[in-house]
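A.B. asks: Have a look at this one before I ask anything.
The values are calculated or read from the model by the stated rules, or taken from the named source; none is laboratory data. Bear in mind that the values here come from a model prediction, so they are computed numbers and not experimental data. Heads up, the Cβs are rebuilt from the backbone with ideal geometry, glycines too, and the neighbour counts pull from every protein chain shown. All accessible areas refer to the heavy atoms of the entire protein, side chains included, with ligands and DNA or RNA removed. Shrake-Rupley method; radii C 1.70, N 1.55, O 1.52, S 1.80 Å.
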Amino acid sequence: MRNSTAKKTIKPRKRKNKSVKRIHVSRTSSVPKTLRILGVKAGLAASKKLRRQSSKSIQNVHAEFTSWYFQSVTKPLPYGQVRQIAEAYQHAFYLKKKSTNLPILLPLAHSAAAVVSASDEEKTLGAVLNELSRLPLQEIIVVLNGCSDNSYALAREYPLVTIIYEPERVGHDVGRAIGAQMTTADTVLFTDGDMVIKAEQLAPFLYAVDTGVDMALNDLRSYLPSFANQDAVTRLKSYLNSVLNRRDLGASSLISVPHALSKKCIQTIGYSSLVVPPLAQTTAIQKGCTVQVAASVDVITKNRRRIGNVGKGNSVEQMIIGDHAEALSSLLSTLHAEAEAITEASLLSRVEVARWRNAK
């Protein structure tokens, strides 16, 4: 005989925050279902087409997706929605295949390239180039400065790579300036050879510039401590943005990779200005370039520890402080000149004063 127990009445739990469900629904329905379905159908069709042609290279997959996307999507979409459509297409194209080496399908209307500055980074350079190869880039400029390891031979294994070899260690900033001048692409993505960043995290920077941003920066605010516990460099970054009337940027700076610039922006500020990143950022904002944060990538914990960048008052910290001083000096000089011009324009000449006094 089964034991009988009294049934307990369980009251339904009340939802404390009713907005949670609404937020969830809005996120999942942010892209029209028809577009996701079209993406799946297009991915299947492209897979069959390229399989017949035996041309399933990453470049051909990118080209096929981009062509379909711009025929099907008539207006710019937020990056999150673009990713949903691209993932639906990719899921169908590769028939649910899971791999970390699949290309990142990203609809770019303009050409894009990447610049990698490296100094004895053979342990990480290969992984960096693997991730960049998953993106729709026309070329990857690798600037090897002061390398004595196997970085040169390693970089030559990648078909998209153009190598610039500088025997002396000129630093990452000079390397980026050299690389930017060597490419003809409309969008230039910058990263370093000692920091492996997934292609999924790099894609938003390319997309931001392709859709109208001139300078797409890395938003580090979520990885920073409170102001009281911040170092001098972080505070300087925030201060410079504040003086530029761009508090919305927080501590975002052209010093931190990854970031991306439009060709128009680079030409406006000048290639040589990239040697001093805070000055380049200041000049871009002063000259009306569109400067925004594009995504948040944790590069603080990934930053490679070197002899020159460890400890309070280290040489790298002093160099960055000097760069900010140069940027602030340039900014103050410009503001002073503008103020003098306004003052001179507002002063009446002696003849005009005499006419005013004698006027009836």
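A.B. asks: May I ask you to say which residue of Glu64, Glu87, Glu131 is under 30 Å from Val170 (Cβ atoms), out of contact with any Phe, Trp or Tyr (no Cβ under 6 Å at 6 or more places or on another chain), in a helix (DSSP H, G or I) and among the charged types (D, E, K, R)?
C.D. replies: It is Glu131.
A.B. asks: Regarding the stretch 51-58, can at least one residue be identified that is surrounded by 15 or more Cβ atoms within 10 Å (Cβ to Cβ), in a helix (DSSP H, G or I), of a type outside the set (Asp, Glu) and touching a residue at least 12 places away in the same chain (Cβ under 8 Å)? Step through it out loud before you land on a result.
C.D. replies: Of all residues in the stretch 51-58, those surrounded by 15 or more Cβ atoms within 10 Å (Cβ to Cβ) come to 56, 58.
Remaining after also requiring in a helix (DSSP H, G or I): 58.
From what's left, of a type outside the set (Asp, Glu): 58.
In the following step, the residues that additionally are touching a residue at least 12 places away in the same chain (Cβ under 8 Å) were identified as 58.
Yes; the residues of the stretch 51-58 include at least one that is surrounded by 15 or more Cβ atoms within 10 Å (Cβ to Cβ), in a helix (DSSP H, G or I), of a type outside the set (Asp, Glu) and touching a residue at least 12 places away in the same chain (Cβ under 8 Å).
A.B. asks: Of everything in the stretch 65-114, what is closer than 26 Å to Asp192 by Cα and of a type in the set (A, V, I, L, M)? Give them in sequence order.
C.D. replies: Leu102, Ile104, Leu105, Leu106, Leu108, Ala109, Ala112, Ala113, Ala114
A.B. asks: Okay, next question. Among what's in the stretch 311-332 and is farther than 16 Å from Gln281 by Cα and open to solvent by 50 Å² or more (accessible area, probe 1.4 Å), pick the residue that is modelled with the lowest pLDDT.
C.D. replies: Taking the stretch 311-332 and keeping what is farther than 16 Å from Gln281 by Cα, we get 311-319.
From the residues that got through so far, the ones that are open to solvent by 50 Å² or more (accessible area, probe 1.4 Å) too are 312, 315-316, 318-319.
Numbers: Lys312: 66, Ser315: 75, Val316: 80, Gln318: 88, Met319: 89.
Among them, the one singled out is Lys312.
A.B. asks: Kindly check whether there is at least one residue in the stretch 351-358 that is modelled with pLDDT of 65 or more and surrounded by 13 or more Cβ atoms within 10 Å (Cβ to Cβ).
C.D. replies: No, because not a single residue in the stretch 351-358 is modelled with pLDDT of 65 or more and surrounded by 13 or more Cβ atoms within 10 Å (Cβ to Cβ).
A.B. asks: Could we say that Val61 is crowded, with 22+ Cβ neighbours inside 10 Å, in contact with a strand residue (DSSP E or B) (Cβ under 6 Å, 6 or more places away or on another chain) and either in contact (Cβ under 8 Å) with a residue 12 or more places away in the chain or among the aromatic types (Phe, Trp, Tyr) (or both) here?
C.D. replies: For Val61, the condition - crowded, with 22+ Cβ neighbours inside 10 Å, in contact with a strand residue (DSSP E or B) (Cβ under 6 Å, 6 or more places away or on another chain) and either in contact (Cβ under 8 Å) with a residue 12 or more places away in the chain or among the aromatic types (Phe, Trp, Tyr) (or both) - is not met.
A.B. asks: Considering only residues of the stretch 120-165 that are open to solvent by 50 Å² or more (accessible area, probe 1.4 Å) and within 20 Å of the chain's Cα centre (by Cα), which is farthest from Ala63 (Cα to Cα)?
C.D. replies: In this case the residue turns out to be Asn130.
A.B. asks: Restricting to the stretch 160-200, what's the tally of residues that are in a strand (DSSP E or B), of a type in the set (D, E, K, R) and touching a helix residue (DSSP H, G or I) at 6+ places or on another chain (Cβ under 7 Å)?
C.D. replies: Qualifying residue count, the stretch 160-200: 1.
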